[in-house]
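Read through the structure below, which is laid out as structure tokens, and then see the notes.
Each reported figure results from applying straightforward, stated rules to the coordinates on display, with no laboratory input. None of these values were measured; they are calculated from a predicted model. Cβ placement follows ideal geometry from the backbone for every residue including glycine, while neighbour counts extend to all protein chains displayed.
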Amino acid sequence: MATTIGNICHILPCSINEDMTAHTARYFHPTDLKSESTDVDASGVKIMAAQFRGRGLLCVADDDVPRTAGSSKLTVSALPEGVKGLALAPSTSHVAKKSDGDATRSLKVVETFTEVYNWQHEYDVDKVRRSVNDGGHDKVGLKAALGWCDIAQAVHDPIPLPP
């Protein structure tokens, strides 16, 4: 059974000092770069290019070949099975007071996503492609975020007591 491609979360190498919505689809247009290079083997991945504020960006993404259940194909952007990507925003509908007097705010799901594209200020396509083969992409983006998820789960799961 093949999975379908869903929404994509883009991690950009910049900071934006605003907390608002924007019509980014009007200005941000990632495109697939078809590689002419034959010296680098990066099967199963594609290089995407885009511009933000006039600067070129590249990222590694999974190829558009449908993934099947149980497939061992390299994935650099797809969330693993059992993980759901959520974009959250503060909810104005519910504010609860804790016993210590601090207020807690609820969050609401604004959007869901199935892939994460980690963009880099890079212009050399072969260098980005080599980073996949060398494992350099493991340190940033999706792999780093999932590493934090593993740490959070380990911290918050109950400690098993010996019998």
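Listing for the model above:
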{"read-out": "Neighbour-count order for 59, 9, 149, fewest beta carbons within 10 angstrom listed first", "value": "149, 9, 59"}
{"read-out": "Ordering of 110-120, 24-34 by burial proxy (mean other Cβ atoms within 10 Å per residue, highest first)", "value": "110-120, 24-34"}
{"read-out": "Other-chain or far-sequence residues with amide H under 5 Å of residue 122's (modelled H)", "value": "58"}
{"read-out": "Karplus (6.51, -1.76, 1.60) ³J(HN,Hα), θ = phi - 60°, over region 103-116, in Hz, Gly and Pro reported as x", "value": "8, 10, 9, 7, 10, 10, 7, 8, 7, 10, 9, 10, 9, 10"}
{"read-out": "R0 of 41 Å, Cβ-Cβ distance residue 53-residue 157: FRET efficiency to nearest 0.05", "value": "0.50"}
{"read-out": "Extension gain from residue 150 to residue 86, taking 0.36 nm per residue of separation minus the Cα-Cα distance", "value": "21.4 nm"}
{"read-out": "Nonlocal amide H pairs with residue 79, under 5 Å, H built at 1.01 Å", "value": "115, 116"}
